[in-house]
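Here is the structure we will look at.
Derivation of every value follows stated rules applied to the coordinates shown; laboratory data play no part. Keep in mind it's a predicted model, so treat the numbers as computed, not measured. Every residue, glycine among them, receives a Cβ derived from its backbone with ideal geometry; neighbour counts consider all protein chains shown.
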Amino acid sequence: MEYFKNIIEGLSTTAKGMKITLNHLFGKKVTNQYPDEYHPILSGDIPPNSRNRIFVDMSGCDGCEQCNKACPVNCIEIETVKVAPTDENVPLMNDGKKRKFWVIKHEIDFAKCCFCSLCTEVCPTNAIQMTVEFEYSEYDREKLKYNFSDLTPEQAAEKKRIWEEYQEAKKREQEVKK
Amino acid sequence: MENNFLYNLFGNNVWFYLITIAIPLVFVLIYALIAILGELKIASWIQDRLGPMRTGWKGVLQPIAEVVKLIQKEDIIPANANKALFNLAPYIMFTGAFAAYAAIPFSSQFVPAHLNIGLFYIFAVGAFAIIGIVMGGWASNNKYSLLGAMRAVSQMVSYEIPIAFALLSIAALAGTLDLQDIIKQQEGGIWNWFIFGGNGSLIKILFIPFTISLFLVHFTSSLAETNRIPFDIPEGESEIVAGYHTEYSGMKFAMFFFAEYANMFTVSALVTICFFGGWQSPFGDFLNSPIMQSVWFVSKAMFFVFVQIWLRWTLPRLRVDQLMFVSWKVLTPVAFVCFIALSYWGLIK
């Protein structure tokens, strides 16, 4: 009797399973058609605190290099030039303080970046921030190096020149004093 | 010959033979592409996914992309493999699968080779697959391939017995092995199909349970013959990599792939012929012209291909001892009882 019961059970459970799969066959699908019909950023489904591509607001960056030191994979490269007192055209920083350094290079290599968010935590002015942008793959690895500095190479050279001239002027002044 | 529309069209010349050979081949290739797409789509729909959507309209060109991919792949032969057998195995598999199409009656007006032992021929040619699998598994010189081949042999040899009993019952019921004759005896609508005991007096109601269980026995064993889930232990991915075709790549793997799909249609066609009236219209003489007959036949067989895919995504794989239990202790005795009952019915009807 056990034998026949098993056969009946085998057949009925198979039928039951087939009914379930048939319901799913014609049921609603859960796939989101990214990127044709659905985009997580545009639809707002991506969490605002998600950790993706970093953005640096240069009006808030004073070149303190804390992000550089906090970075566990050394993906941030910063070059700074001191602001000379003789420089007339120095905009204030976004927190209203006087700028001490020109950041002529703030380069993040996203091929190295591990999105740990340590740099954003140490930043004293919240200039370095995580964004929700995640579609930035490239065919060339060099293109993943983003330079956030808003100074053009000419402007950077100009700032360097002003600082060196100020240094020389200072030196001469000291020699004259002696 | 006299019932072949190509023969009436061309007469007895070389064109007749060429086109007779070409039609099943073209049919198999087109059918395999459709079945691959069906497998992908049904698999994903059952899992609430959409499946391939980016090749062509809703992904309909995906099977063509798959075949192009398989053709482009490197053809690797393992250094210690037996090269002759290794290369021969996929061709034997495909030839065996394709040879069965010679006797499949697509319509009352078209069967590539009208054999009076068609049922026996298809059953015999189906056994070619075992040789191909053993050859591939042995020649690969790989323990997983060999394990898969041995599992395949034990499985397919065991499951041939219930199939043989099922086909024997049909032969006893119809009194012939000629597939066209078997189908012709099921004319007159859905009630006269062999799944409902064939045509005869109302006493056949007594025998309907036997025909239905015989159909279940035959269909279940057919699944084992084509190595599909729940009987896919010869290629059980989680246990022995890919079984007998572990070492195959590129076009040779595609041959195994095509052979599996061709076999799926063959066993579905056999189920259709033996139990569901072959090319007979389900409404008797209504819509029963030769062209509609081929439409009926292909759609019935495709329905059983669909059921095979459907089962694949429903059931888990059997264990080896469970597999043998099902074959020897369940299917064979049931088939034997049904054989005796249907032989009586064949006598008294």
*How far apart, in nm, are two points set 7 Å out from the Cα along the Cα-to-Cβ line at A:Leu92 and at B:Gln72?*
6.1 nm
*Which one of A:Cys67, A:Ala169, A:Ile7 has its Cα pushed farthest toward the positive end of the charge dipole of chain A, where Lys and Arg give +1 and Asp and Glu give -1 at the Cβ?*
A:Ile7
*In nm, spacing of pseudo-spin labels at B:Ile161 and B:Ser249 (7 Å Cα→C-beta vector)*: 4.1 nm
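Run through the stretch B:260-313 and list the chymotrypsin sites (Phe, Trp or Tyr not before Pro) located in a DSSP loop whose Cβ has at most 15 other Cβ atoms within 10 Å. Could the numbers behind the result be given before it?
Details: sites: B:Tyr261, B:Phe265, B:Phe275, B:Phe276, B:Trp279, B:Phe283, B:Phe286, B:Trp296, B:Phe297, B:Phe303, B:Phe304, B:Phe306, B:Trp310, B:Trp313; in loops: B:Phe276, B:Trp279, B:Phe283, B:Phe286, B:Trp313.
Loop-located and lightly packed - B:Phe283, B:Phe286.
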*For chain A, Kirkwood radius (reciprocal of mean inverse C-alpha pair distance, Å)*: 21.4 Å
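With a cut-off of at most 14 other beta carbons within 10 Å, and DSSP calling the residue loop, which trypsin sites (Lys or Arg not before Pro) in the stretch A:1-56 qualify? Please list them. The partial results should precede the final answer.
Values: sites: A:Lys5, A:Lys16, A:Lys19, A:Lys28, A:Lys29, A:Arg51, A:Arg53; in loops: A:Lys28, A:Lys29, A:Arg51, A:Arg53.
In loop regions of the stretch A:1-56 (DSSP not H, G, I, E or B), the sparsely surrounded trypsin sites (Lys or Arg not before Pro) are A:Lys28, A:Lys29.
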*Could you tell me the distance between the Cα centroids of the stretch B:181-195 and the stretch B:67-139, to the nearest Å?*
31 Å
*What is the helix-to-structure angle for A:153-177, meaning the angle in degrees between its Cα long axis and the longest Cα principal axis of chain A, kept from 0 to 90 and rounded to the nearest 10?*
30 degrees
*Amide hydrogen neighbours beyond the local backbone of A:Ile128, cut-off 5 Å, H modeled*: A:Asp57
*Entries in A:Lys28/B:Lys300; A:Lys100/A:Lys171; A:Lys98/A:Lys143; A:Lys19/B:Lys41; A:Lys105/A:Lys159 that, when Cα-Cα distance is taken, lie over 23 Å*: A:Lys28/B:Lys300; A:Lys98/A:Lys143
*3J(HN,Hα) from dihedral phi, the stretch B:322-327, Karplus parametrisation 6.51/-1.76/1.60, rounded to Hz, x for glycine, proline*: 5, 4, 5, 4, 4, 5
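Mind giving me the FRET efficiency for A:Glu107 and B:Gln47? R0 is 45 Å, r the Cβ-Cβ distance, nearest 0.05 is fine.
0.50
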*Using the Karplus curve 6.51 cos²θ - 1.76 cosθ + 1.60 with θ = phi - 60°, work out ³J(HN,Hα) for each residue of the stretch B:68-80 in order, rounded to whole Hz, and write x for Gly and Pro.*
4, 4, 5, 5, 6, 5, 5, 8, 9, 10, x, 4, 9
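Of B:Ser289, B:Ser238, how do they rank once you tally other Cβ atoms within 10 Å and put the fewest first?
Numbers: B:Ser289 13, B:Ser238 6.
Ascending Cβ contact count within 10 Å gives the list B:Ser238, B:Ser289.
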*On each of the three principal axes of the Cα atoms of the protein assembly as shown, give max minus min coordinate, whole Å, ordered largest first.*
133, 54, 48
*Can you put B:Thr266, A:Thr13, B:Thr55 in order, fewest other beta carbons within 10 Å first?*
A:Thr13, B:Thr55, B:Thr266
*Take the Cα of A:Arg99, step 7 Å along the line toward its Cβ, and report every residue of the stretch A:143-178 whose backbone nitrogen sits under 16 Å from that point.*
A:148-164
*Alpha-carbon centroids, the stretch B:247-304 and the stretch A:72-141: separation in whole Å*: 67 Å
_Label-point separation, A:Glu79 to B:Lys329 (7 Å along Cα→Cβ), nm_ = 8.1 nm
*Which FRET efficiency value, to the nearest 0.05, do you get for B:Leu206 and A:Ala15 by plugging their Cβ-Cβ distance into 1/(1 + (r/R0)^6) with R0 = 25 Å?*
0.55
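Evaluate peptide A:16-25: per residue, the Cβ atoms of other protein chains within 10 Å of its Cβ; return the mean as an integer.
Average neighbour count from other chains, rounded to a whole number: 5.
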*asked:* Projecting each Cα onto the charge dipole of the stretch B:16-101 (Lys/Arg +1, Asp/Glu -1 at the beta carbon, about the Cα centre), which of B:Gln62, B:Phe86, B:Ala22 comes out farthest on the positive side?
replied: B:Gln62
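Got the relative contact order for the stretch B:15-164 handy, in percent, Cα pairs under 8 Å and 6 or more residues apart? Can you show the working numbers first?
Working: 124 pairs, mean separation 28.5, N = 150.
Value for the stretch B:15-164: 19 percent.
Would you please classify the overall shape of the stretch B:289-345 from the alpha carbon gyration tensor, given that a ≥ b ≥ c denote the square roots of the eigenvalues, rounded means a/c under 1.5, and beyond that prolate means a/b larger than b/c while oblate covers the rest? Show your work: numbers first, answer last.
Details: a/c = 5.03, a/b = 1.32, b/c = 3.81.
Taking the square roots of the gyration eigenvalues as a ≥ b ≥ c, the stretch B:289-345 is oblate.
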